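A short worksheet on the structure shown next.
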Amino acid sequence: CLDSEGKLHEFGSKWRTEDCNDCLSDRDGIRCCSSYATPVDYDKEKCESIFNKETCSYKVVEKNNHSKECPVHSWVG
């Protein structure tokens with residue numbers, strides 16, 4: 001199978017894309033889904049979510065002090 005970047009993948013192979021999607025190749029084609037959860041229920045006035053592309057994860061921190069993490073009550077992914 002050829003992925004969207006033109007790279008060839010064997011049937012049954014798995015890989016992670018540069019934008020943090022986990023993909024699987026089989027005889028039906030290529031299927032990909034996000035490898036990370038997105039924070040959705042947190043104090044958006046006081047806090048902000050920051051995505052780390054190296055770890056494929058979000059961190060939710062105070063807008064005025066990124067060293068302080070904020071509680072997240074719900075994630076989707």
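The values are calculated or read from the model by the stated rules, or taken from the named source; none is laboratory data. Just so we're clear, the structure is a prediction, and the values are computed from it rather than from any experiment. Cβ coordinates were reconstructed from backbone atoms using ideal geometry, including for glycine residues, and neighbour counts include every protein chain displayed. Just so you know, the surface numbers come from the protein's heavy atoms only, side chains and all, with ligands and any DNA or RNA stripped out. Shrake-Rupley method; radii C 1.70, N 1.55, O 1.52, S 1.80 Å.
Its Cα gyration tensor gives the chain an equivalent ellipsoid, and the semi-axes of that ellipsoid, as √(5λ) in whole Å with the largest first, are 34, 12, 8.
Across the chain, the relative contact order, built from alpha-carbon pairs under 8 Å that are at least six residues apart, equals 23 percent. The GluC sites (Glu not before Pro) of the stretch 29-70 that meet both conditions, a loop assignment by DSSP and at most 11 other Cβ atoms within 10 Å of the site Cβ, are E45, E54. Rounded to the nearest 0.05, what FRET efficiency is calculated for E69 and C32 with R0 set to 35 Å and r the Cβ-Cβ distance? Once rounded, the FRET efficiency stands at 0.75.
Averaged over its residues, the chain has an accessible area of 75 Å² per residue, based on protein heavy atoms and a 1.4 Å probe. For the stretch 1-43, the list of trypsin sites (Lys or Arg not before Pro) that fall in a loop by DSSP and count at most 16 other C-beta atoms within 10 angstrom reads K7, R27.
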